Amino acid sequence: MEAVSYTAQWTAAARALESERTGDAMFEDPFARALAAPRGFELLDKYGGGGLIPFIAIRTRYFDDSVDTVLRDGDVRQVVLVAAGMDTRAFRLTWPAGTTVYEIDHEALMEEKRARLSRLGGRAAVERVEVKADLARDWLPALKRAGFDPARPTLWIAEGLMFFLTEEQVVHLLRTLGSASAPGSWLAVDFVSKALLRSPFSQSFLKGLKEDGTPWLFGTDEPEDFLAASGWKVRDLREPGDPGAGEGRWPYEVQPRDRRGVARSWLVRAEYAGS
Amino acid sequence: MASAGIEEIRSWILSRHPERDDVAPDENLIESRLVDSLSFVELVYAIEGASGVEIDFDNIDIRDFQTLSSIEKAFFAAV
C-alpha cells in the first residue's frame, strides 16, 4: 500500500486503543483493531509521543459530533469523506434516513478496507458509496459520476489530511470543495499550528514522518483567516482539551490563544459562505 | 549543589511523570519522552517562572533544553 495508507493504519490503531478503554471511551470503533494491521500499532509506538494517541481519539469524537450536529440541525444529507482512510463512520454512526456517504480514497486502500470489513461482517448503516480516486488529481468528476449532487448541501469531512499537503494544495482543496458546495454546506477539518511544525521538540517526530515518506508540511496559526480566504466561515473552533473536545482526557494544559510558539491542533467546523 | 530553580524544573517534570522517581542531570529529556512537542511550551513557562528569564520562542536553541544540566547552565547559571 502507499505510504499515506500507513498513516490510516496508525489512526486506526489509536482508535482501537480508545475503543478498548473501559468506562470512559469517547467512541467505539469495533473494526479499528482489524483495520490497523499490519503496521498501525508499530507506527503508533514509533510516533506515539506528543499526545498523538489521545489527540486522534479526541479528533475522532469531535468529527463524530460534527456529523451529528450538522445533520441534525440542517438539510444536509450528503456527506463526503475526503481521504477516508480507515474511517468507519458509515458503519458505526446513526444516520438520518436518506443520507448518502461518499468515501474517497485511492483504489488499493478502498479494496483492502472493503475486504477487511466484509470479513468482519461489517454492514454500513447508511447508503455508502466508494469513490476510488487519486486526491492529487482532479477527483470531482469521479465523485459526481458516483452520484454526488453539487446542487445539494454537503458535509465534507477532511480529517487528519491537511498536514500532509503543501499550503498551495490545501488552498486548492478548500476551493475545490467550495466549488461543489451548495448553500448550507459544511466542512469539518483539522489543522496543526505553524509552531508545531517549527518547535525543536517536534523535530524527531517530524523527521520520522519524513523518512517514512509522509512528511507534515502545512500548519496555520490563524485558522479562521486562512479558511475565510477560501470562502469558509468558521462556526466552531476548539483545541484538544477544551470543553466539547476531550476536556479531562487531554494530558496537557490548553494554552491561551495569545501565547506564541505553542504547538497546537485546531478542530474546526466551517460553513461555506461563498468566495 | 543544584540551584533551587533547577529543582523546581525537576519537580515539574516528575509531577508529569508519576512513574518516575528521579531525573538524572544528564538524562536526555526529549529522547526519553519526558518532554515532548506539546509539553515543551509548559516547560518553557516553568523555566521562565523559576528563573525570571524571558525566553524568545523564535530563537530557541534545542540544546539548551536537552537535559536538566543544560537547562541549568542556560537559565540558572550563578551570576
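I need the strands (runs of 3 or more DSSP E) fully contained in region A:166-273, keeping only those with at least 1 residues that are within 14 Å of B:S37 (Cβ to Cβ). Walk me through it before giving the result.
Working: elements: A:186-192, A:232-238, A:265-272.
Hits in region A:166-273: A:186-192, A:265-272.
With more than 14 Å from chain B (Cβ to nearest Cβ), acidic (D, E) and free of Cβ contacts under 8 Å to residues at least 12 places away in the same chain as the only criterion, which of A:E107, A:E127, A:E42 stands out? I'd like the intermediate steps shown before the answer.
Working: A:E107 fails: free of Cβ contacts under 8 Å to residues at least 12 places away in the same chain; A:E127 fails: free of Cβ contacts under 8 Å to residues at least 12 places away in the same chain.
Being more than 14 Å from chain B (Cβ to nearest Cβ), acidic (D, E) and free of Cβ contacts under 8 Å to residues at least 12 places away in the same chain holds for just one of A:E107, A:E127, A:E42, which is A:E42.
In region B:20-53, which residue that is of a type in the set (A, V, I, L, M) and farther than 20 Å from A:V262 by Cβ is surrounded by the most Cβ atoms within 10 Å (Cβ to Cβ)?
Step one: filter region B:20-53 for residues of a type in the set (A, V, I, L, M), giving B:23-24, B:29-30, B:34-35, B:38, B:41, B:43-44, B:46-47, B:50, B:53.
Filter once more, so that each one left must be farther than 20 Å from A:V262 by Cβ: B:23-24.
Numbers: B:V23: 18, B:A24: 11.
By that ranking, first place goes to B:V23.
Among the residues of region A:92-126, count how many are buried (at least 17 other Cβ atoms within 10 Å of the Cβ) and over 18 Å from A:A12 (Cα atoms).
The qualifying residues number 6.
For region A:52-68, check the following and say yes or no: at least one residue is assigned to a helix (DSSP H, G or I) and over 17 Å from the mean Cα position of the chain (by Cα).
To start, the set of residues in region A:52-68 that are assigned to a helix (DSSP H, G or I) comprises A:52-68.
Among the residues that remain, those that are also over 17 Å from the mean Cα position of the chain (by Cα) are: none.
Among the residues of region A:52-68, not one is assigned to a helix (DSSP H, G or I) and over 17 Å from the mean Cα position of the chain (by Cα), which makes the answer no.
Restricting to region A:223-265, name every residue that is among the hydroxyl-bearing types (S, T, Y) and over 18 Å from A:V189 (Cβ atoms). Step through it out loud before you land on a result.
We begin by selecting, within region A:223-265, every residue among the hydroxyl-bearing types (S, T, Y); these are A:230, A:252, A:265.
Once the filter is applied, which keeps residues that are among the hydroxyl-bearing types (S, T, Y) and over 18 Å from A:V189 (Cβ atoms), region A:223-265 yields only A:Y252.
Quick check, is A:A115 at negative phi and free of Cβ contacts under 8 Å to residues at least 24 places away in the same chain?
It is true that A:A115 is at negative phi and free of Cβ contacts under 8 Å to residues at least 24 places away in the same chain.
I'd like to know if region A:218-226 contains one or more residues that are closer than 30 Å to A:F148 by Cβ, at pLDDT 95 or above and among the charged types (D, E, K, R). Step through it out loud before you land on a result.
Step one: list which residues in region A:218-226 are closer than 30 Å to A:F148 by Cβ, which gives A:218-220, A:223-226.
Still in the running and at pLDDT 95 or above: A:218-220, A:223-226.
If we keep only those that are among the charged types (D, E, K, R) as well, we get A:224-225.
Taking every residue of region A:218-226 in turn, at least one turns out to be closer than 30 Å to A:F148 by Cβ, at pLDDT 95 or above and among the charged types (D, E, K, R).
Could you list, in sequence order, the residues of region B:42-60 that are within 19 Å of A:G50 (Cα to Cα) and touching a helix residue (DSSP H, G or I) at 6+ places or on another chain (Cβ under 9 Å)? Lay out the reasoning, then the answer.
Start the filter on region B:42-60 by keeping residues that are within 19 Å of A:G50 (Cα to Cα), which leaves B:42-46, B:57, B:60.
Across region B:42-60, the qualifying residues are B:E42, B:L43, B:V44, B:A46, B:F57, B:I60.
For residues in region A:200-223 being more than 18 Å from B:N28 (Cβ to Cβ) and charged (D, E, K, R), which is nearest to the other protein chains (Cβ to nearest Cβ)?
Within region A:200-223, the match that is nearest to the other protein chains (Cβ to nearest Cβ) is A:D221.
If A:E222 satisfies every condition in (1) closer than 22 Å to A:P54 by Cβ; (2) free of Cβ contacts under 8 Å to residues at least 40 places away in the same chain but one, which is the exception?
Going through the list (1) closer than 22 Å to A:P54 by Cβ; (2) free of Cβ contacts under 8 Å to residues at least 40 places away in the same chain, A:E222 breaks only (1).
Considering each residue of region A:127-148, count those that are charged (D, E, K, R), exposed (fewer than 13 other Cβ atoms within 10 Å of the Cβ) and at pLDDT 95 or above, and give that number. Please lay out each step first, then the result.
Going through region A:127-148, the residues charged (D, E, K, R) turn out to be A:127-128, A:130, A:132, A:134, A:137-138, A:144-145.
Among the residues that remain, those that are also exposed (fewer than 13 other Cβ atoms within 10 Å of the Cβ) are: A:137-138, A:145.
Now drop any that are not at pLDDT 95 or above, which leaves A:145.
The number of residues fulfilling the criteria is 1.
What number of residues within region A:206-227 satisfy the criterion of being closer than 11 Å to A:T166 by Cα and out of contact with any Leu (no Cβ under 9 Å at 6 or more places or on another chain)? Write out each step before concluding.
So the first thing to find is which residues in region A:206-227 are closer than 11 Å to A:T166 by Cα, and the list is A:215-219.
After this cut, where a residue has to be out of contact with any Leu (no Cβ under 9 Å at 6 or more places or on another chain) as well, the list is none.
Going through region A:206-227 one residue at a time, the tally reaches 0.
Of the numbered conditions (1) surrounded by 13 or more Cβ atoms within 10 Å (Cβ to Cβ); (2) within 22 Å of A:S199 (Cβ to Cβ), B:D56 fails exactly one; give the number of that condition.
Unmet condition: (1).
Counting just the residues of region A:230-248 that are within 14 Å of chain B (Cβ to nearest Cβ) and closer than 22 Å to B:P18 by Cβ, which one comes out surrounded by the most Cβ atoms within 10 Å (Cβ to Cβ)?
A:P240
The values are calculated or read from the model by the stated rules, or taken from the named source; none is laboratory data. Nothing here was measured: the structure is a model prediction, and the numbers come from that model. Ideal geometry is used to build each Cβ from the backbone, glycine not excepted, and the neighbour counts take in all protein chains shown.
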